[in-house]
Amino acid sequence: MTVTLGIPTVRTHDSASRTADRPNVPGLLDKYNRLATDLRISLTDRCNLRCTYCMPAEGLPFLAGPKLLTREEIRRLAQIAVRDLGVRQIRFTGGEPLLRRDLVDIIADCAALEPRPEISLTTNAIGLAGRAEALAAAGLDRVNVSLDSICPETFAVITRRPFLNRVLEGIDALGEHGLVSTKINAVLMPGINDDQGVELLEWALAGGHQLRFIEQMPLDADHVWSRDGMITAAQIREKLEVRYVLTPDAAPRDGAPAELYQVREKTAAADSPSLGIVGIIASVTEPFCEDCRRTRITAEGGVRSCLFSHDETDLLGLLRSDATDLQVADEWRAAMWVKPSGHGIDDPDFVQPERSMSAIGG
Ligand code: SAM
Ligand code: SF4
């Protein structure tokens, strides 16, 4: 049975119709033989920024509190994922996950699971300065901070909020509390910050952070994305190579979305040590769907097998009924079995998902 609850289509518990050809294996396998071991859980669809490539200026109709997964529901889903479905990494995202008052408890719950998953957070870092210590103590392993510009004016144009200092304070606090290996995610946009790639990389290298440029995807709430209006991976490399030499990193990519490069000054000797690493996530022009290992849970407990899916499989209804963990796991496996082979952005009949990045959980 499929019922439509607004946007997107939400499938209720009809896994039998989708499992006839599904092998009885324990993990989150799909028809294309990909195994999802990397779980992203969206903790809220709300945010305190309004990045132009993600949210409209006026915000979105946000979910009412009772529709959000509770701390206990998140713990149960995470437990099923690591104990029964082979998930090894859990990343909390949103919306802005720091807006959840119970974030520290949620992380502590996941750190107590067996086997212990690697736990990470993707955040805009607003308010992180005051919470980094507690998050580290709760068991958070790694943090990705989204930061598209270190120029206050540009930051305010992109995010529609003048909060650059708060973000920088948050990043500093991570190192003070032992959260190292922070990654910085940046989206470059033509005429806005595409001339700031080198500056951003110089800043990230100096701070010991791994900068990753993300190609802008058609996941904006305003639906104004166009292929001509985005900065491609090739253009990003070209811009960085004005100042640096980029050498593809020798380490295997191992399902990671970012292509990594060792960075050296152009003026330095060929055998000079690398200054660090930069990553490029070329989801649009150099897609990596065939090695995708991700499964997503939205803030209201829907499984999305792909960022670009048009439907979700509801697990919240199961959690709030008397369903067993086995039933929840089986529904999750059924949802992942039908994961599409790729995002299809290049297909002539591609249709952008109704939900934007903040509502899906990026
Ligand atoms: N609010 C948190 C943050 O910004 O880090 C977490 C959620 S945000 C949706 C996760 C990531 O999605 C961010 O790094 C953001 O830059 C990225 N993102 C949002 N919209 C995007 C788009 N249209 N194309 C590419 N990346 C996007
Ligand atoms: Fe908020 Fe993150 Fe979207 Fe920016 S990218 S509006 S910080 S959810």
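A compact table of results
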quantity	calculated
For the range 120-135, 3J(HN,Hα) per residue [Karplus equation, 6.51 cos²θ - 1.76 cosθ + 1.60, θ = phi - 60°, Hz, x = Gly/Pro]	9, 9, 10, 8, 8, 6, 6, x, 5, 3, x, 10, 4, 4, 5, 5
Length-normalised contact order for the range 2-360 - Cα pairs under 8 Å, 6+ apart - percent	23 percent
Acute angle (nearest 10 degrees) that the helix 71-84 long axis makes with the longest principal axis of the chain, alpha-carbon atoms	90 degrees
Helical contribution to [θ] at 222 nm, DSSP H n ≥ 4, -39,500 (n - 2.57), averaged over the chain, rounded to 500	-7000 deg cm²/dmol
Whole-Hz ³J(HN,Hα) from phi, Karplus 6.51 cos²θ - 1.76 cosθ + 1.60, for the range 352-358, glycine and proline x	4, x, 4, 6, 8, 3, 5
Calculated over the range 2-360: convex hull of Cα atoms, volume per residue (Å³)	139 Å³
Electrostatic dipole magnitude of the range 2-360 [Cβ: Lys, Arg +1; Asp, Glu -1; Cα centre; debye, to 20]	540 debye
Degrees separating the helix 197-207 axis from the principal Cα axis of the chain, which is the longest one	80 degrees
Crossing angle, helix 164-176 versus the chain [Cα axis fit, 0-90 degrees, rounded to tens]	80 degrees
Potential lengthening between ALA112 and ASP346 on full extension [0.36 nm per residue; Cα-Cα distance subtracted]	80.0 nm
Stretch gain in nm, segment ASP291-ASP194, where the contour uses 0.36 nm per residue and the Cα spacing is subtracted	32.1 nm
For the chain, built as a Gaussian network whose Cα springs stay under 10 Å, the top-fluctuating residue of VAL242, VAL284, VAL87	VAL242
Options LEU211, SER309, LEU43, ranked by Cα towards positive dipole end of the chain, top entry (Cβ charges)	LEU43
Segment ALA64-THR247, extension gain: residue separation times 0.36 nm, minus the distance between their alpha carbons	61.1 nm
Sequence of ASP105, ASP347, ASP322 once ranked by neighbouring C-beta atoms within 10 Å, starting from the fewest	ASP322, ASP347, ASP105
Long-range Cα-Cα pairs in the range 32-127 (distance over 19 Å), rounded percent	45 percent
Unit Cα scatterers, Debye sum, the range 205-342: log10 I(q)/I(0) for q = 0.17 Å⁻¹	-1.00
Pairs of lysines in the range 2-360 (C-alpha under 27 Å apart; 8 or more residues apart or interchain)	5
Ascending count of other beta-carbon atoms within 10 Å, so fewest first, for PHE308, PHE213	PHE308, PHE213
Simple label model, 7 Å out from Cα along Cβ direction - ASP325 to ARG160, nm	4.3 nm
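A short reminder: the numbers here are calculations on the coordinates, not readings from a lab. Small disclaimer: the values here were computed from a predicted structure and weren't measured. Using ideal geometry, Cβ is built from the backbone for each residue, glycine included, and neighbour counts are taken over all protein chains shown.
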